[in-house]
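A quick write-up on the structure given underneath.
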Amino acid sequence: MSKRHDAVFDDVLKGIGAAAPARDRSGARFLKRSTTMAEQASGQRQEKVLRLVDPASCVMWAGHNRAYEALSYENCKELIDGILSQGQQEFPAIVRRLPAGQVADYEVICGARRHFAISWLRANNYPKFQYLIEERELTDEEAFRLADIENRDREDISDLERARDYARAVAEYYGGKQSLMAERLQVSQGWLSRYLQLARLDPRIVSAFPSVRDVKELHARQLKPLLADAPGREAILAEADRLAAEQSAGQGVQAPKVIARLKSAAKPPKERRAADAVYGQQVQLRRKGARLSLEFPRDLPDEELRHAVEAFLKARADNK
């Protein structure tokens, strides 16, 4: 409470009781403490203990839904610049205290990017920055739900990271019951089912994409019917292996092309209709309604093509 507010309380209290000293400030302090205690008792006020710590004293929770190793200066640059601009970390990370004797003092439930940003700053000539944390007592299931709520709408967590986190959680916390997990997360069962389906996507197919961040929930939905039968599945996996080899060779096949090739592999090519006529060995005539097409290899020698066209013209004249 400000000095001005203290003075107001002093004016109100100074006439109550002859024994009270004229400038005794204890009345204001008493009311301030009483108000705080009343707010805490009623639930209107919650005290949070925040600490500034060395990020090296924190490790990621094993159930964290972000791939920490995928964080880099490039994908955290906006956050790093924001911390530099503000001169501090604005929002605390949520942590749990680890038992004594562990490799660290805390494990991070929410705040991996903030941890990376502060660690990067300290390692790059800004040693004054410390990691702002809020310590809480949480069960693993509560920690999972808290992390999910914080990160569900963030675009910097990939669909595949989220899907794998859900697949682990449904087994560990909800006894494999998707309906129970959907109820606890307050999402529809259909929405959750689609992410669990993505988590089951064959690793060979995942390797066909440029990175795990490029694998979308939509891709799993598109491939699901094509993977249902054995021939389609084998064709898709074989194409996925070819794509993975191309990615490893640095060819950089982008996600739209990857999914197009995987879908195409599962569909057998259309059988071409037999030619209506053949001239020479490599020139074929095909009819489509009133139109005629001569098909031949691009590298067919001019002389051979000339003979084929002359043969076509002769046959055309004979049929008139």
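FYI, it's all coordinate maths here, none of it is from the lab. As the structure is a computational prediction, the values presented were derived from the model and not from experiment. When we count neighbours, we look across all protein chains shown, and the Cβ atoms used for this are built from the backbone with ideal geometry, even at glycine.
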Quick one: what are the phi-derived ³J(HN,Hα) couplings along the stretch 276-285, Karplus 6.51/-1.76/1.60 with θ = phi - 60°, whole Hz, x for glycine and proline? 6, 7, 10, 10, x, 9, 10, 10, 10, 9
Listing Met181, Met60 from the residue with the fewest other Cβ atoms within 10 Å to the one with the most, what is the order? Met60, Met181
Tabulate in residue order the Karplus-calculated ³J(HN,Hα) for the stretch 209-218, using 6.51 cos²θ - 1.76 cosθ + 1.60 with θ = phi - 60°, rounded to whole Hz; enter x for Gly and Pro. 8, x, 7, 5, 5, 8, 8, 10, 4, 4
Entries of Lys224/Lys257; Lys48/Lys177; Lys288/Lys320; Lys77/Lys128 with Cα pairs more than 27 Å apart: Lys48/Lys177
Put +1 on the Cβ of each Lys and Arg and -1 on the Cβ of each Asp and Glu in the stretch 86-235; which of Ala235, Val215, Leu98 then has its Cα farthest toward the positive end of the dipole? Ala235
Just check the stretch 132-189 against the gyration tensor rule for me: Cα atoms, a ≥ b ≥ c as the square roots of the eigenvalues, rounded for a/c under 1.5, and otherwise prolate or oblate depending on whether a/b exceeds b/c. oblate
Taking placed amide H atoms and a strict 5 Å upper bound, the residues 5 or more places from Met60 or on another chain that come that close are Val108
Charge sum, other residues only, whose C-beta stays under 9 Å from Asp148's C-beta, Lys/Arg counted +1 and Asp/Glu -1: +1
The ³J(HN,Hα) series, computed from each phi in the stretch 76-92 with the Karplus coefficients 6.51, -1.76 and 1.60 at θ = phi - 60°, rounded to the nearest Hz and given as x for glycine or proline, is 10, 4, 4, 5, 4, 5, x, 5, 4, 5, 7, x, 6, 7, 6, 10, x
Roughly how many debye, to the nearest 20, is the charge dipole of the stretch 243-320 about its Cα centre, given +1 on each Lys and Arg Cβ, -1 on each Asp and Glu Cβ, and no other charges? 620 debye
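With +1 on each Lys and Arg Cβ and -1 on each Asp and Glu Cβ, how big is the dipole of the stretch 114-185 about its Cα centre, in debye rounded to the nearest 20?
260 debye
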Sequence-separation-based contact order of the stretch 50-139, relative, with Cα cut under 8 Å and 6+ spacing, percent: 44 percent
Suppose every K and R has +1 on its Cβ and every D and E has -1 on its Cβ; what is the size of the dipole of the stretch 200-272 about the Cα centre, in Debye to the nearest 20? 240 debye
Would you mind ranking Ser85, Ser158 by Cβ crowding within 10 Å, fewest neighbours first? Ser85, Ser158
